[in-house]
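The structure under discussion appears below in the form of structure tokens.
The values are calculated or read from the model by the stated rules, or taken from the named source; none is laboratory data. Just so we're clear, the structure is a prediction, and the values are computed from it rather than from any experiment. Methodologically, a virtual Cβ is constructed for each residue, glycine included, from the backbone with ideal geometry; neighbour enumeration extends over all protein chains shown.
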Amino acid sequence: MARNKEALVLLLDVSPSMHNILQEVEKVCSMLIQKKLIYSKYDEVGLVLFGTEDTNNELTTEVGGYEHVNVLRHIKVVDKDVVEVLQQLPRGTVAGDFLDAIVVGMDMLIKKFGPTNKGKKRLCLVTKALCPVKAPYEGTEEDQVNTIAAQMFAHGIKMDCIVPRGKQNVDGNVRVIEENDHLLGVFSKKSSSKVVYVESPTSLLGALRTRRISPVTIYRGDLEISSALKIKVWVYKKTAEEKFPTLKKYSDKAPATDKFATHEIKVDYEYKSIEDPSKIVPPDQRIKGYRYGPQVVPISSAEWDAVKFKPEKSVKLLGFTDTSNIMRHYYMKDVSIFIADPGNKKAILAVSALARAMKEMKKVAILRCVWRQGQGNVVVGVLSPNVSDKENTPDSFYFNVLPFAEDVREFQFPSFSNFPVSRQPNEEQQEAADNLVKMFDLAPSGREEALQPEFTPNPVLERFYRHLELKSKHRDAPVPPLDDTLKKITQPDPELLSECKSVVDEFRRLFELKENPKLKKSSKRLLREKPSGSDEGEGSVNANDVGAAKYIENASAEKIDKIGDSTPVQDFEAMMSRRDSPEWVNKAIKDMKNKIFDMVENSCEGDTYQKALECLVSLRKGCILEQEPKQFNDFLRHLYKFCQEKDLNDFCELLASKGVTLITKTEAIDSEVTDDEARSFTVKNEPKHEEER
Amino acid sequence: MELDPDDIFRDEDDDPENEFFQEREATKEMVVYLVDASPKMFSTTSLQENQEETHFHVAVSCIAQSLKTQIINRSYDEVAICFFNTREKKNLQDLNCVYVFNVAERDDLDRPTARLIKDFDCIEESFTKEIGSQCGILSGSRDNSLYNALWVAQALLRKGSAKTADKRILLFTNEDDPFGSVKGVVKIDMTRTTLQRAKDAQDLGISIELLPLSRPDEEFNVSLFYTDLLGLEGDDLSLFLPSAGQRLEDMKDQLRKRMFKKRKVRRITFSIANGISLELNTYALIRPTVPGTITWLDSVTNVPLQSERSFLCADTGALIQEPAKRFQSYKNEDIKFSVEELSEIKRVSTGHLRLLGFKPLSCLKDYHNLRPSTFLFPSDEEVVGSTCIFIALHRSMLRLKRYAVAFYGSSTHPQLVALVAQDEIVTASGQVEPPGLHMIYLPYSDDIRHIEEIHADENNEASRANGDQIKKATALMRRIDLKDFSVCQFSNPALQRHYAVLQALALDEDEMPEVKDETVPDEEGMARTGVVNALEEFKHSIYGENYDEEKEFETNGKVTEASKKRKAIAENAVQECANYDWADLADNGKLKDLTTVELKYYLTAHKLPVAGRKEALINRILVHLGK
């Protein structure tokens, strides 16, 4: 472990320009230290701030200069104090010179380790690089950077620079910023440095690799294009999930006085015969059995080894195919990367040629891989080109595992075009959807792509480590809530939402969602967050409630044979769509008419009008569909007349305002009502209300 | 969402039974395959190039194939195979023209066994002799074979409750008008009773599904009789219309796909914004199939053993009930977490699936992947209007070439996901890609490794292929082109071998079957002159004239100091080893007089381990000499 230890110097800009994001800097740096405390306890860490009022570094005493660079901690093995310090970084007052800080950090590493520990020494710089760097005594800034970069290279010092601002559209002195960006660019070219620009605080949390993992190859050997052409490659994992830590089970059995208690729990498995549970069967009397249908087939390991599938270690090309033949959703696992053997110039060329040709021709390669000798299965996967856009990184391939025939379930789903028209979006709705997809945009041009996987931290792990730190201070500390920065990962960004509010509202207006009335009553009640006292208004549940609803599995449709009070519209629709007898349509229409009549008649200050209106709209639709315009038109005329007689004109007004009128000839061929007549039907009534008012 | 304390602590890699990789086995399925065996099923048409390909053959081979899939994937499901319109009869009700096919040691409706699969594979050879085909509905007689068949099937499905089991009858037939041969009142009567029988079955919770077989020249007319039998309504009808393929092979594919019962993993809500929430079902279309779990048996009796887990305190050895707390060592302290706290930590999102926004498809990189994807399809079962919104978004995403980014808030594994729209793809063999969204699990920043940077060239210039080399590579690619490659064309050789061996052992067969490995490269194709030439040209453009020497050099060049030394020692040992007469030394017990250095010459020369004390070395030499 010790030989793998890393020495890291954090160079943090705390000058005023950084103040608004220092909180995130504190968080990401403490996370880094916390993980070191758990996973690499012997790593050493130093801490340098710049842009501070004070100056405190060895170089300033030795040679002068290097003002406002404050060494808060010399390089030491990590301990809990670092976390404390990092969580309360002092706010600086002056502009910080990142170049000075780099020199100080480098000096610390060189003084401590000299030329040893090559490749295990790292600087981590977080700065907005908005302030100008001081002019050197001789030569240009660029010369100076070249010298520093050469030094870093010679001593095997790596550097990660995180610049928490955009590359364009930044406030500040454009010339200074361009100059600084140029200087940072020189670093990444001339030494093992990496510069990343992040705009949002969320991506700042993801920009720094908080867990150090030394990658290992999963395969080194030939990529066999054919038996005559083999290219030497190394294969690594490109993605591998960082798991939630496996916590140990805690035992409180040890006496409190026992200082050396591990508190661990051992898990013990015992195998007992079913007939005689008291008899424990020792390991040598057990044999492995595999299920085959109801049978369990016993087979010893030796027997199994003799007959099992034993492929030879190799990576072989099966052929090339069009990229479009391999759909994205067939990728099965985490991803590997194929890199040409770094010492083999010809292999690098061969990989480069193939990768570039594949990209040009839009092809991918299909491979059969056995990574290790003795591996019990083969992997078939797709190799896609990764043409490098950086001068110093070689071209490579990504490799994704594909499924075998056994792994795919060919479930059949209905075509969208086979759905009834009622379930298809109309033109207006489609346009609203188009707008939503266009405007609810996470990757607007000219701005940073939001939620890029490369820069998005795992909110669960962030939360776990923060809670761990809190608990180390107060054992009963509650789980901290997600802060706004992390909420942007789990919830839509409120800013973005408000930017496209009009689009969202339009979308919402055009689409209607409601609870399915055909659900059984018993299960439906459970759909509500709170049980409703009366049946009133149960028919129109708004979309918000539905979103919060809890669903019950296997709730199935029930045959509706009458229109109930709670969900008349749905009942009506259900009855209308019953096909087991033609009589249902007539009965549905008749029942519905009665229902509407009752509602209008029994309404108290119009409380049931809304519901009656919904029923009427539904009835109208049903009558058009079933070619029963006369039934509806007669009913509507009757209803109007009734309302006028009973002085219920506000209902008629409501109908007029919603444009509910007679069914016209254009809507249903059997109707005798012309368009004009239908229009004048409501118009004719309208003035009447005015007069009466 | 429910919380299972076990789930929270579960590590996915250690646990093949994880919910994510295993479909829920909440309900088991009971299926009766009802196969029409009337002479019409055996007729061949001149259109077919292959005379063997009768409809009966198609049906039977579909069933055989699905039995094999079933024993691997869902061996708890129960099946019965039942022929009707047969000469012989075999059923508990003793009804005419119905034959329930079965093998020894198995109930009529039971889990598939190795024997069943094996015997059913040769059903076609023995069929005429043992079962025989005979039309069961004739104008003269009152026999109604379809009625009988439904009766028998229903009786078979009587076991088990409809709540815990999914009961289905799958009817294979090419007769769209089973009562076409009878006339008048008899026909009306037969139709009525048969429909009543079907309805009774359906009322008992048994679903009847029709797998119609048709020919290009004569379409299967569902509306003649079966619409009523199945109780189909308007919209569903269109889904049932068989598309008459030109090839029976395609029809087989279609049937095979339809035989699967879709199993949803769970129902979730997808919240778009401002309270718009759709109802979606998730399906696991792609999941690795692994050899079943191991059951430990008593090696003497071959009876399964019961395993019992117990927790022991490592400090005191005391037996502990399921411990409630977990801990992590941190800053020299044990920080304890309760199950509730851990689940609270993981509850970072309130909804099931929340839309965060859209991005162009180019933002989704090839390495943005961690696990197999999950398929999303809308449902109007509880929230009417979901399908409409889903279709609208689906279309927009396809048209604008964008995907959605969303947060999937499962209680155990909340994750950022990409939702990629997939348009429906239909070929002659049926639906190849269903329309819907594929949910792709995205990595977080700490899950992505920057391997390229580790191998960045120090001198700033990574080698790049030149135009000519790329041209040669392009030519090569054109030569080795897999035109009709489809993702799942290979079966898993390891799995096939595993189950072939199990089947052989289960049936006590002596010979181990050979399983063809479909994944090996096509040597013949690679040996074609065109391919060889293209390969040679490419090789020449990269490696120059002397690829073979180059290779030699490369391997030498790469050898480290240590391995050079090792090689030298080995060569030396071989030489030295030849100076001794080992057999003689061994016979005379003189080995012990040699020094360990001398003994190691032998061991090194014969590539044996050289570790251990002198006696161990001598022993090893004796064993190797066979003394």
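Looking at the range B:109-134 only, could you name the residues that are within 14 Å of chain A (Cβ to nearest Cβ) and not in a helix (DSSP H, G or I)?
Listed by number, the residues that qualify are B:109, B:110, B:111, B:112, B:113.
Criterion first (farther than 30 Å from residue A:213 by Cβ, within 7 Å of chain A (Cβ to nearest Cβ) and in contact (Cβ under 8 Å) with a residue 60 or more places away in the chain) does residue B:428 satisfy it?
Here the answer is no, as residue B:428 does not meet what is asked.
Within the range B:384-394, does at least one residue satisfy the condition of being assigned by TED's automatic domain parsing to the domain that holds residue B:434, closer than 30 Å to residue A:382 by Cα, out of contact with any Cys (no Cβ under 6 Å at 6 or more places or on another chain) and among the aliphatic types (A, V, I, L, M)?
Yes - at least one qualifying residue is present in the range B:384-394.
Each row is one residue, and each column tells you yes or no for (1) of a type in the set (Gly, Ala, Ser); (2) touching a residue at least 12 places away in the same chain (Cβ under 8 Å); (3) assigned to a strand (DSSP E or B).
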residue	(1), (2), (3)
A:253	no, no, no
A:258	no, no, no
A:261	yes, no, no
A:269	no, no, yes
A:303	no, no, no
A:312	no, yes, no
A:319	yes, yes, yes
A:329	no, no, no
A:333	no, yes, no
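Scan the range A:347-361 and give yes if some residue there is free of Cβ contacts under 8 Å to residues at least 12 places away in the same chain, in a strand (DSSP E or B) and either buried (at least 24 other Cβ atoms within 10 Å of the Cβ) or facing chain B (nearest Cβ under 7 Å) (or both), otherwise no.
No, that holds for no residue.
I need the full set of residues from the range B:258-273 which are out of contact with any Ser or Thr (no Cβ under 7 Å at 6 or more places or on another chain) and not in a strand (DSSP E or B), in order please.
Answer for the range B:258-273, where residues must be out of contact with any Ser or Thr (no Cβ under 7 Å at 6 or more places or on another chain) and not in a strand (DSSP E or B): B:258, B:260, B:261, B:262, B:263.
Here is a yes/no grid of residues against (1) surrounded by 15 or more Cβ atoms within 10 Å (Cβ to Cβ); (2) not acidic (Asp, Glu):
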{"residue": "A:616", "(1), (2)": "yes, yes"}
{"residue": "A:628", "(1), (2)": "yes, no"}
{"residue": "A:644", "(1), (2)": "yes, yes"}
{"residue": "A:655", "(1), (2)": "yes, yes"}
{"residue": "A:658", "(1), (2)": "no, yes"}
{"residue": "A:664", "(1), (2)": "yes, yes"}
{"residue": "A:667", "(1), (2)": "yes, no"}
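Go through the range B:480-497 and give me each residue that's under 26 Å from residue B:112 (Cα atoms) and either within 7 Å of chain A (Cβ to nearest Cβ) or not in a helix (DSSP H, G or I) (or both).
B:488, B:489, B:490, B:491, B:492, B:493, B:494, B:495, B:497, listed by residue number.
Could you check residue B:130 against (1) under 30 Å from residue B:499 (Cα atoms); (2) loosely packed, with under 14 Cβ neighbours inside 10 Å and say which number it fails?
Residue B:130 satisfies every listed condition except (2).
Checking the conditions here, which among B:413, B:438 is under 24 Å from the mean Cα position of the chain (by Cα) and either in a loop (DSSP other than H, G, I, E, B) or among the charged types (D, E, K, R) (or both)?
Checking each option against the conditions leaves just B:413.
May I ask you to verify whether residue A:78 is of a type outside the set (Lys, Arg) and in contact with a strand residue (DSSP E or B) (Cβ under 6 Å, 6 or more places away or on another chain)?
yes
Might you check whether a residue that is acidic (Asp, Glu), more than 7 Å from chain A (Cβ to nearest Cβ) and either without any contact (Cβ under 8 Å) to a residue 60 or more places away in the chain or crowded, with 20+ Cβ neighbours inside 10 Å (or both) occurs anywhere in the range B:461-478?
Within the range B:461-478, not a single residue is acidic (Asp, Glu), more than 7 Å from chain A (Cβ to nearest Cβ) and either without any contact (Cβ under 8 Å) to a residue 60 or more places away in the chain or crowded, with 20+ Cβ neighbours inside 10 Å (or both).
Mind listing whichever residues of the range B:104-113 are of a type in the set (A, V, I, L, M, F, W, C), within 27 Å of the chain's Cα centre (by Cα) and surrounded by fewer than 21 Cβ atoms within 10 Å (Cβ to Cβ)?
none
Which residues, counting only those in the range A:206-221, are more than 8 Å from chain B (Cβ to nearest Cβ) and either small (Gly, Ala, Ser) or crowded, with 17+ Cβ neighbours inside 10 Å (or both)?
A:208, A:212, A:214, A:219, A:221
Restricting the first residue to the range A:119-138 and requiring it to be part of a strand (DSSP E or B), which pairs with a second residue that is of a type in the set (Phe, Trp, Tyr) meet a Cβ separation below 9 Å and a spacing of at least six or different chains?
Filtered contacts from the range A:119-138: A:121/A:113; A:125/A:98.
For the range B:360-376, name all the residues that are assigned to a strand (DSSP E or B), facing another protein chain (nearest Cβ under 8 Å) and crowded, with 22+ Cβ neighbours inside 10 Å.
B:375
Here is a list: A:186, A:198. Which entry is under 30 Å from residue A:451 (Cβ atoms), touching an Asp or Glu at 6+ places or on another chain (Cβ under 9 Å) and more than 7 Å from chain B (Cβ to nearest Cβ)?
Selected residue: A:198, the only one of A:186, A:198 that is under 30 Å from residue A:451 (Cβ atoms), touching an Asp or Glu at 6+ places or on another chain (Cβ under 9 Å) and more than 7 Å from chain B (Cβ to nearest Cβ).
Condition check ((1) under 37 Å from the mean Cα position of the chain (by Cα); (2) crowded, with 17+ Cβ neighbours inside 10 Å; (3) not in a loop (DSSP other than H, G, I, E, B)) across all residues:
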{"position": "A:21", "(1), (2), (3)": "yes, yes, yes"}
{"position": "A:42", "(1), (2), (3)": "yes, no, no"}
{"position": "A:47", "(1), (2), (3)": "yes, yes, yes"}
{"position": "A:66", "(1), (2), (3)": "no, yes, no"}
{"position": "A:70", "(1), (2), (3)": "no, yes, yes"}
{"position": "A:82", "(1), (2), (3)": "yes, yes, yes"}
{"position": "A:103", "(1), (2), (3)": "no, yes, yes"}
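Restricting the range B:270-293 to residues that are touching a strand residue (DSSP E or B) at 6+ places or on another chain (Cβ under 6 Å) and either at pLDDT below 80 or among the acidic types (Asp, Glu) (or both), which is nearest to residue B:355 (Cα to Cα)?
B:279
Check whether at least one residue in the range B:331-343 is without any contact (Cβ under 8 Å) to a residue 24 or more places away in the chain and at positive phi, and report yes or no.
The answer is yes, given that some residue of the range B:331-343 is without any contact (Cβ under 8 Å) to a residue 24 or more places away in the chain and at positive phi.
Examine the range B:521-543 for a residue that is under 24 Å from residue A:305 (Cβ atoms) and buried (at least 21 other Cβ atoms within 10 Å of the Cβ), and state whether such a residue exists.
no
For the range B:185-209, give me each residue that is closer than 15 Å to residue B:147 by Cα and without any contact (Cβ under 8 Å) to a residue 40 or more places away in the chain.
Hits for the range B:185-209 are B:187, B:188, B:189, B:191, B:192, B:195, B:196, B:199, B:202.
Evaluate the range B:383-404: report whether one residue or more is more than 26 Å from residue A:410 (Cα to Cα) and at pLDDT 90 or above.
Within the range B:383-404 (the criterion being more than 26 Å from residue A:410 (Cα to Cα) and at pLDDT 90 or above), the answer is yes, since at least one residue qualifies.
Against the conditions (1) farther than 30 Å from residue A:385 by Cβ; (2) hydroxyl-bearing (Ser, Thr, Tyr); (3) within 7 Å of chain B (Cβ to nearest Cβ); (4) touching a strand residue (DSSP E or B) at 6+ places or on another chain (Cβ under 9 Å), where does residue A:321 fall short? Just the number, please.
(1)
Tell me, which strands (runs of 3 or more DSSP E) lie completely within the range B:274-331 with 3 or more residues that are within 7 Å of chain A (Cβ to nearest Cβ) and under 22 Å from residue A:282 (Cα atoms)?
B:294-298, B:305-313
Of everything in the range B:101-110, what is within 13 Å of residue B:159 (Cβ to Cβ) and either hydrophobic (A, V, I, L, M, F, W, C) or in contact with a Ser or Thr (Cβ under 6 Å, 6 or more places away or on another chain) (or both)? Give them in sequence order.
The one that is within 13 Å of residue B:159 (Cβ to Cβ) and either hydrophobic (A, V, I, L, M, F, W, C) or in contact with a Ser or Thr (Cβ under 6 Å, 6 or more places away or on another chain) (or both): B:109.
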